[in-house]
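Structure first, commentary second.
What follows is calculated from the coordinates using simple rules that are stated; it is not laboratory data. Model, not experiment: these values are computed from the prediction. Every residue, glycine among them, receives a Cβ derived from its backbone with ideal geometry; neighbour counts consider all protein chains shown.
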Amino acid sequence: MMHQQVPQREKKNRQEMFVRKVRAASVMGAFLSFVVGACLAPFLWAAVLWVFHWLGSIFGGSSPGVFHGLLDFVTAPNLRVGLFWLLYYIVGYIAALWRLSPREKAALRAQLSQSTTSAYFWQTGDEEEEENDEGIDPLGLAPRTPKRKGQPVYSRAIPGELKHELVERCYQEYRKALLRYNPPPVDLKTPKTFDYAKGVRLGWNKKDMLPMLPQELLVPEHIHVLLAPLAYHLAWYNSDEPDRGALSEYPDFVPWPWLLILTGNCLWLPVMVRHHLEVPAYLHEISEDQREQVHKALQFTCYLGQGPALEHLYRRIQAEVERRGLEDRSFPTLSERIGYLEVLNRQEREQMRQLGLTPVVPPLVKGEVPPQLYPGRTRRREQ
């Protein structure tokens, strides 16, 4: 299959462009802070002194003399004060990097309360062993028990091997589903390969922009389980929005804003540029933006023909969460995601009926909870 490598390079180039813009804004903020200290601050100080002398002259004091305009201070800047203001900017810059911004704190709380949607679960171990094990919940809602020490070691799929061909078949199913539209709503971009390991959750290696897949599902009998979660995750890969991680090395907020802004510290410039490039652009929009991004990913999943499967997956996860007596702390909640998918899937079924087609309605979750996947375990074969 031919991959769209040019769009992938374009996305990398776009990320680098964002970084260059914020870096340039950081340098410009340092320069403007220096100008404030070298020119504007001495000018304002001289203006204050001149006003005091002028008021004194009204009551019989000496004449304040001729007041020099701002241009005189621009042509003859005070380098010592300018360097002090530059140091002032650097201190504020470092302080902003060391401290978490309000939206970074909100994102951290959201990350602690939920985990990225992962693969579906399927039972692979003994009933006796799994009875006391919490297992792995694709949404990260269940208590997690560490299975090993350290980070998992990832392998990279080789084009042509069975694992690679199985994932390629998933991509083929997505492209086949897009043929339902004329023209297709998205120009699907897929990675050239992927990383995999046992006992891991579906995620992304953002350095190489490759997906990280659970090895347990890369077999013919379980690959269908990966279709809906992988379609959902491809929404990020096909998005034009900047990656927040690429700009994490730059300030995200202005500490003590009334002090820094009023005293001419131009740290606000790189912060403003970063917020303009990132989504959300303003600190108080973190929750609504996160909701909108999830809704877009759900819509993208429906475009790839996996809307009903993902809705069914969410319902089964919700049943498992309720069975364990856990609180759904994901954002948006499972109930909201199910409701959004329910609307999208119903709209698509209505459109199919209008075209004289008979849509397939997935069953709701009833009866017993489905079996689960415990990554890292192997099934004992019956003798």
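Brief remarks follow.
- Each residue of the range 324-339 is assigned a 3J(HN,Hα), and the resulting list reads 7, x, 8, 8, 6, 9, 6, 9, x, 5, 4, 4, 5, 5, 4, x Hz, derived from the Karplus form 6.51 cos²θ - 1.76 cosθ + 1.60 (θ = phi - 60°), x at Gly and Pro.
- Efficiency of FRET from Cβ geometry, ARG20 and LYS296, R₀ 22 Å, rounded to 0.05: 0.25
- Spacing of the modelled spin labels on LEU326 and ASN182, each 7 Å from Cα toward Cβ, amounts to 4.5 nm.
- About the Cα centre, charge dipole magnitude for the range 161-235 (Lys/Arg +1, Asp/Glu -1 at Cβ), debye: 240 debye
- A cut-off of 5 Å between modelled amide H atoms, ignoring neighbours fewer than 5 places along the same chain, links LEU210 with ASN205.
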